[in-house]
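The values are calculated or read from the model by the stated rules, or taken from the named source; none is laboratory data. As the structure is a prediction and not an experimental result, all values here were calculated from the model. Heads up, the Cβs are rebuilt from the backbone with ideal geometry, glycines too, and the neighbour counts pull from every protein chain shown.
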Amino acid sequence: MEKNKNPENAGGEKKLDPQQTLNTLNNLYNMYATLEEVREANRTERERIQAEKEKALAQIEATKAVLMNYLNRSFDERASIFKKDFEAIDTAIANNNMEALALMVQSVNTLAAQSPFKALVDLAQVKRNFLTNDEVEI
C-alpha cells in the first residue's frame, strides 16, 4: 500500500487557502451586517406601526368622549324638556284646558319623533359645535 505523499492529503486533512478563508469570512460578515440592517429596519417599522396604533387609539378615545358627551347632554336636555312638557300637560288637565293640553301633547310627540342621533351624521359638525358652543342644539 502506497502512502499519499501529497501534503494536502497528509493525515486526511486539506490545507486551507488563506484567500478563500478570508473571502468566506468577509461573506459571513457582509451577511451578518445585512441581517442587522434588516433587523433595525424591521424594529423601526414596528415602532412606527406602534406609534400609529397609539395615535389611532387616542383619536378613537377622543371621538368616543365627544360622542358620549353629546349624547349625555342631548338626552339630559330632552329629559328636561319632556319633564316640563308633562308638568304642563298635568296642569292643563287639572285646569281642564283642552287647548293647552293639545299643544303640549303635540310638543311631546314632535320631540319624541326627533332623533338625537340625527345630528351625529356629521361628526365634524358636532365636534365644531362642542368646541365653539356650550349649548347643544336638539
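Check the range 57-64 and report whether any residue there is within 15 Å of LEU111 (Cβ to Cβ) and charged (D, E, K, R). Within the range 57-64, none of the residues are within 15 Å of LEU111 (Cβ to Cβ) and charged (D, E, K, R).
Conditions (1) of a type in the set (Lys, Arg); (2) surrounded by 10 or more Cβ atoms within 10 Å (Cβ to Cβ); (3) more than 30 Å from ALA113 (Cβ to Cβ), marked per residue:
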{"site": "GLU13", "(1), (2), (3)": "no, no, yes"}
{"site": "TYR29", "(1), (2), (3)": "no, yes, yes"}
{"site": "ALA41", "(1), (2), (3)": "no, yes, yes"}
{"site": "GLN59", "(1), (2), (3)": "no, yes, yes"}
{"site": "ASN72", "(1), (2), (3)": "no, yes, no"}
{"site": "PHE86", "(1), (2), (3)": "no, yes, no"}
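Taking (1) surrounded by 10 or more Cβ atoms within 10 Å (Cβ to Cβ); (2) at pLDDT 90 or above in turn, LYS64 satisfies each apart from (2). Evaluate the following for ARG78: is it surrounded by 15 or more Cβ atoms within 10 Å (Cβ to Cβ), in contact with a Pro (Cβ under 7 Å, 6 or more places away or on another chain), in a helix (DSSP H, G or I) and touching a residue at least 60 places away in the same chain (Cβ under 8 Å)? Yes.
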